[in-house]
Structures are given as C-alpha cells and as structure tokens.
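Down below is the structure, laid out as structure tokens.
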Amino acid sequence: MTNGQRNHHSRGVRLVAAVTSLLAFSASLPSPVVAGTSNSLMDISADGKLLACSNRDSGTVTIVDLASHTKLHEVAVGTKPEGVTFLGDGHRFAVAVYGDDCIVCLDGDSGEAFGRCDVFDEPYGIVSDPSGKRLYVTLDYPGQLLTIDVASLQVTQTFQGNNFLRGIALSPSEGRAYLAEYYTSKVLAVDLAKGIVADEWTGSSTDNLARQLVLSPRRAKVYVPHMRSRVTAIHGEGSIFPYLSVIDTPVGEDLRRKRIPLDSFASSRITSNPWEVAVTPDGRGLYVVFAGTDDMFACEILDDDYREIAARKLIEVGANPRAVRVAPNGETVYVYNALGFNVVGYDTAKLVPIANIQVTDNPLGDQVLQGKKLFYSALQPMVGRRWISCSSCHPDGDPDGRTWHNPEGLRNTQSFAGMAWTHPIHWSADRDEVQDFEHTIRGSLMQGRGLIRGAVRESLGEPNAGLSETLDALAAYSNSHKFPLSPYAKDGLSDAAKRGREVFFAEATQCATCHSGPFFCDSQPRAASQIVRHDVGTGEDDPSEKMGPAYDTPTLLGVYRTAPYLHHGKAATLEDVLTASNHSGRHGKTSHLTSQQIADLVDFLKALPYEDPEPSAKAAGLTKVER
C-alpha cells in the first residue's frame with residue numbers, strides 16, 4: 001500500500017469512526033421539541049396556527065388564532081385547569097382539570113369538547129405522544145403517571161412514584177418520560193414500556209417547587225425551573241432563591257446535575273418564583289418566566305457543559321407570568337400572564353412585544369384580584385429585596401412541604417383552605433386577622449414598605465382591618481380558599497373509614513374534644529381573650545421553641561395531602577401522629593387501640609372532607625371572616 005493509499009485508508013477509518021460515534025450520540029438525544037412534548041399551562045399546535053392556554057381562575061381554556069392574534073374560543077372545562085397539550089400534529093387538544101380530577105379533550109377549531117377521562121386526583125402535567133393516540137398525565141397527588149388511550153379515553157397504565165409529581169417531558173426516541181417531583185425537584189426518567197424508573201437525578205435537600213421541565217431538542221439535557229427553600233434562614237435575602245437545574249441525561253456523566261442561581265444571573269437584578277421554562281426549536285435559546293417579579297429572562301444556551309446559559313435580556317412582561325412557549329418557527333415567544341389574563345407575544349430576534357391577546361375576563365372581582373396580585377408579588381410595597389413573596393411558601397394557598405426554623409421555633413407550613421372559618425392564624429394563634437401580617441411585610445423576612453400608612457396596631461390588639469384597602473384586599477384573597485373534597489371519599493366512606501369514624505368520635509379516644517364541628521377544629525374567629533390553645537406534648541420536641549407549649553388546633557380537613565404533621569413537622573405520617581408522636585396520650589387516647597383500629601382511624605382522616613363543611617358551619621351559626 002502506497003503512502004497515499006495509507007493516508008486515504010486512515011482518513012476513511014477516522015471518518016467511519018466519527019460517523020459511528022455521532023450516530024451513537026444522536027441515538028441518546030431526546031426527540032425534537034414539538035407540540036405536546038413538555039408540560040405547560042399553554043401549548044401551540046405543531047403547525048403554529050393555534051395556541052391554547054388554561055385559565056385557572058376562570059375555569060376555562062382559551063384558543064387563539066396565531067395568524068391574526070385573536071381569541072377564537074373560550075370554553076368552560078371545570079375547576080382549576082392546569083396543563084394543556086395538543087394531540088400529535090392536529091388541532092385537537094387535552095387539558096388537565098386539576099380541581100375536578102379529569103382530563104377534557106377539545107377540538108381547537110370548533111371549540112367543542114369531544115371527551116372526558118376521570119382520574120384519581122389532581123391532574124397537573126399533560127403531554128401527548130407524536131401520533132396523538134396517547135396522553136401521559138402526572139397526578140400531583142398521589143404522585144402517579146398515567147397513560148391514557150385517546151380513542152377510548154381510558155387509563156391503560158399507572159406508574160406510582162412519590163407523592164406530588166407535576167412536571168413531565170416526553171422523549172419518544174428513548175421511550176421515556178422525564179418527571180419532576182414538586183416538593184423536591186427530583187427528576188425521574190421512567191421507562192414507559194417497562195413502567196419502571198430507569199434513571200434519576202436528586203438535587204439538594206433545599207430544592208423545592210418544581211412544576212415543569214423541558215428537554216433540549218439537540219443535546220442530552222433537561223432544564224428544570226424551581227426554587228431553593230433554606231428553612232434555617234429567616235431573612236428574605238437568605239431563605240428563598242430562584243434556580244434553573246440542568247440535567248445531563250447520559251449514564252456515566254461526572255456532573256449530572258447543575259444548579260444555576262437566577263437571582264444573580266445577570267448583574268444584580270434579582271428575580272423570584274420561577275414558574276416555567278421554554279427552549280427554542282433549534283435548541284439555541286431559552287426563556288424562563290418569574291411569577292414573583294413579573295419578568296422573563298431571554299437566554300442563549302451555551303455548549304460549554306459549565307455555565308450552560310448566558311443572559312440576553314431581562315424583560316418585564318405582566319402580572320404573574322406562569323407559562324412560556326416558543327412558536328414552532330422560532331420567531332415568536334408567547335408569555336401567559338395569569339393575573340393580567342392575557343398572552344403577550346415577543347419577537348425572538350428583537351425581544352419586543354408584537355401581540356397582546358386578552359384571553360379571559362377577571363373572574364375574581366376587583367378586591368380579590370388586587371389581593372392576589374399582592375400575594376404573588378415580590379416587589380414593593382410587599383417586599384424590599386425581591387427574593388420572596390407570600391406565594392413562595394404558600395403557592396396557590398397550599399403549603400410548601402417545609403418546616404421553617406422561625407424565631408418562635410419550628411413551624412410547619414399550613415394550607416390556607418378554610419382559613420376564613422378557622423381563625424386565629426399561625427400554630428401559636430398569635431394573629432387573629434390576616435391584616436396582622438402587615439408586621440411580616442414590614443419585618444426582616446419581607447422588608448416591604450407595607451400597606452398601611454402610619455403605625456401598625458399590635459397583633460391580637462385593636463383591628464388592623466379597615467386601615468388600608470390594599471391590606472383588606474390581601475386578606476380577602478387569603479380568606480378565599482376552600483377545601484377540595486377528599487379523593488378517598490368519592491364513593492362515600494369505605495367500611496374501614498366508617499369504623500375509623502366510630503373510633504374518632506368515641507369518648508375513650510377524645511379526638512373530637514378539640515377536633516370538633518364541621519371543620520374538625522375548635523378554632524373559630526373570636527376575641528383575643530377567648531382564643532383556645534392546647535398543650536398536647538409536642539412543644540417538648542423542639543428545644544428552639546419560644547412560644548409553646550400550647551398551640552392552636554389545626555383543621556383535619558384535607559390532612560391526607562399535607563404531610564409532614566404537627567407544628568414541628570416531625571410526624572411523617574398520620575400513623576406517627578397517633579402513635580410515636582402522641583406523648584403519654586395527651587394528643588388523644590390512642591395507646592389502647594389495636595393496629596387495625598389505628599389503620600381504620602387513618603382511613604377516616606384521609607377521607608376528610610367527604611362533604612362540603614360550609615353548609616353545616618352556616619347552619620351551626622359559625623362565623624366566617626369576610627375580609
């Protein structure tokens with residue numbers, strides 16, 4: 001062989017090796033990002049002609065014509081719709097109706113619904129396979145991934161993960177669904193054929209509130225917007241941080257998960273409460289919206305496996321942005337402002353607005369809308385340093401799954417559901433009205449200017465209600481949350497729950513002594529001198545406690561989904577509350593119960609509420625706080 005032949009042969013070998021290597025690498029990449037492959041509150045059809053967005057407060061879905069940027073249809077679908085996805089390459093789409101526990105399918109051209117599939121509880125993320133024949137849905141509670149056959153609208157496969165799954169991104173080429181755990185931001189890769197976890201990426205113990213994730217269309221990357229909740233910090237600038245985690249999916253990568261802090265990403269501009277992220281079809285650009293500071297980062301994706309993204313521009317968008325999507329041609333990025341009730345389109349080259357579509361009317365009323373905007377705001381007059389808002393720990397009035405190291409001691413975050421009926425507020429019952437949180441707004445946690453002009457009255461003293469219209473609006477929104485019915489009682493109480501009810505109300509157990517009435521608690525709006533607190537022994541478990549050992553009685557309604565339990569969050573399960581955390585029978589007499597009776601009692605507690613408590617409360621003459 002001549003030298004020329006050898007060189008030619010060598011080049012050929014290298015070329016074959018390079019092509020083989022490239023093909024092997026390409027096989028590991030996720031499929032291109034098209035309509036329906038990652039969850040969002042908004043989706044765009046594959047041909048780029050239609051946009052659909054879910055309007056949580058209105059209970060509707062809106063379809064927009066993107067050629068004219070006009071609203072075509074607004075369709076009522078049920079309580080608290082969340083995820084929406086187009087089916088394959090057509091104009092039919094599906095929406096996950098979180099509050100009504102169902103999937104509703106609609107035709108985008110006509111606006112007509114053509115089917116419904118009931119699910120166990122709280123559907124959140126929803127995506128379609130490329131053919132449009134299958135839907136994949138995450139159930140926030142109890143943490144399941146469902147496969148739904150579109151033709152029959154029947155669930156064909158159920159994968160049980162940990163509680164609280166929200167984000168989902170589909171990789172058809174891998175046969176995988178990537179899932180994000182809401183309260184941990186842990187990412188799971190589920191093998192759809194086998195129904196098993198094929199891989200997982202665990203973040204820091206402080207990672208929290210991951211609602212969504214997106215795959216790169218050209219590299220083996222997953223992008224996850226989430227928060228970091230440092231429960232040991234009590235100052236606004238040290239407790240809550242916005243993050244983007246970048247997941248490297250190939251097996252054997254040395255650094256498989258990187259966290260990018262977005263509060264210091266571009267100069268000193270602080271952002272808060274990241275909600276969703278979108279990647280451009282060519283995989284070169286990335287957008288992330290911040291529901292607390294009402295802005296969006298437009299970013300360039302870097303191929304350095306180190307910094308990962310670089311900021312192009314920070315854009316002020318609108319009130320409480322919760323969704324972002326890029327058009328299939330890559331020329332427009334759309335942002336859904338949940339409390340502006342509009343979708344705004346931006347030119348991706350110039351990053352200027354080119355369209356503004358009103359997708360629904362304000363369904364809340366002026367006062368509650370004003371209060372909700374304040375609740376989600378990380379800006380003045382609510383917050384001085386931009387890191388934190390009320391919703392950072394109480395998103396949509398729900399708990400954040402954390403126990404905070406507050407100045408008064410350990411405090412497990414509580415739900416707002418039914419709060420209007422169960423004042424006073426806080427485990428320590430140290431606030432008898434929402435307006436007392438003016439102290440928190442002005443304090444070291446939020447560092448805001450506040451909503452009252454002048455001095456604030458002491459908590460449990462003369463009312464702060466009536467001193468500020470905006471503060472009263474914040475209270476009106478905070479007191480507006482209601483209980484969903486328990487999924488464990490959809491068909492009525494089970495036999496085990498009925499036996500548990502007898503145990504609960506038995507004189508020997510004394511459970512109903514404090515957990516009484518329609519709301520299963522003895523807290524109700526009353527004068528500060530009449531506030532009732534109870535020492536059930538749990539104050540002894542926390543050496544940092546400053547205000548105990550007596551605490552306000554929490555409602556038991558909705559307790560099935562609010563673990564961990566007790567003021568210090570040290571009871572991981574309801575069984576723990578009744579056994580290991582029940583010191584000397586001071587929290588109900590349970591030591592004499594058999595294991596079967598404990599199990600029955602837990603089944604009863606999980607079934608609460610099995611009916612709407614408000615009619616019974618009104619009939620009993622109980623008082624509700626209206627503002």
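Below are the figures for this structure:
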quantity	calculated
Dipole axis of the chain (+1 Lys, Arg; -1 Asp, Glu on Cβ), positive-most option in THR70, GLN370, SER245	SER245
Largest-first ellipsoid semi-axes for the chain, taking √(5λ) over the Cα gyration tensor eigenvalues, angstrom	44, 28, 25
Net lengthening on full extension, ALA620/THR70 (0.36 nm per residue, minus Cα-Cα)	193.0 nm
³J(HN,Hα) computed for each position of region 54-63 - Karplus, 6.51 cos²θ - 1.76 cosθ + 1.60, integer Hz, glycine/proline x	8, 10, 4, 6, 8, x, 10, 10, 10, 10
Kirkwood Rh in Å, taken over region 187-309 so that all alpha-carbon pairs contribute	15.2
Sorted peptide list for 41-51, 247-257, criterion being average Cβ within 10 angstrom, highest first	41-51, 247-257
Degrees separating the helix 495-505 axis from the principal Cα axis of the chain, which is the longest one	40
Geometric extent, Cα atoms of region 366-478 - Rg, Dmax (angstrom)	13.1, 37
Reciprocal mean inverse distance between Cα atoms of region 487-619 - Kirkwood radius, Å	15.6
Peptide ranges 496-504, 344-352 listed from the most packed, as the mean C-beta count within 10 angstrom indicates	496-504, 344-352
Computed label-point distance, nm, for sites ALA512 and VAL352 using a 7 Å Cα→Cβ extension	6.9
Ordering of 472-481, 358-367, 566-575 by burial proxy (mean other Cβ atoms within 10 Å per residue, highest first)	472-481, 566-575, 358-367
For region 112-123, 3J(HN,Hα) per residue [Karplus equation, 6.51 cos²θ - 1.76 cosθ + 1.60, θ = phi - 60°, Hz, x = Gly/Pro]	8, 7, 10, x, 8, 10, 7, 10, 5, 6, 6, x
Proximal charge balance of HIS235 [Cβ under 15 Å; K/R count +1, D/E count -1]	+3
Interatomic Cα distance distribution for region 105-225, bins of 5 angstrom, percent	2, 11, 22, 24, 19, 12, 7, 2, 1, 0
Pairs beyond 23 Å (Cα-Cα), from LYS194/LYS258; LYS80/LYS490; LYS71/LYS482	LYS194/LYS258; LYS71/LYS482
For region 56-108, alpha-carbon Rg relative to the globular expectation (2.2 N^0.38 Å, N residues)	1.12
Modelled FRET efficiency - R0 35 Å, ARG116 with ILE196, Cβ distances, 0.05 increments	0.75
Positive minus negative residues near ALA429 (Lys, Arg vs Asp, Glu; Cβ under 10 Å)	-1
Region 31-358 - Rg (one decimal) and Dmax (whole number), Cα, Å	18.1, 53
Using a Förster distance of 41 Å, the FRET efficiency for ASP361-THR579 (Cβ separation, nearest 0.05)	0.20
Extended-chain gain in nm, criterion 0.36 nm per residue less alpha-carbon gap, ALA550 and ASN329	73.5 nm
Ratio Rg/Rh, restricted to region 431-508 and using Cα atoms, in which Rh is the Kirkwood radius	1.28
Nearest 10 degrees, 0 to 90: helix 3-27 Cα axis against the chain principal axis	30
Cleavage-rule hits, trypsin sites (Lys or Arg not before Pro), region 90-152, DSSP coil, Cβ neighbours within 10 Å at most 15	LYS133
Point-charge dipole on Cβ atoms (K/R +1, D/E -1) for the chain, about Cα centre, debye to 20	1520
Rounded tilt (10° steps) of 595-606 against the dominant C-alpha axis of the chain	80
For region 39-144, average projected area of the Cα convex hull in nm²	5.8
Karplus 3J(HN,Hα) series, Hz, for region 532-538 with 6.51 cos²θ - 1.76 cosθ + 1.60 (x for Gly, Pro)	10, 10, 10, 9, 10, x, 6
Residue-count net charge about GLY384 - beta-carbon cut-off 12 Å; Lys, Arg +1, Asp, Glu -1	+3
Modelled FRET efficiency - R0 41 Å, ALA455 with HIS534, Cβ distances, 0.05 increments	0.80
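No value in this document is a laboratory result; all are computed from the given coordinates. Just so it is clear, the model here is predicted, and its values are computed rather than measured. Cβ coordinates were reconstructed from backbone atoms using ideal geometry, including for glycine residues, and neighbour counts include every protein chain displayed.
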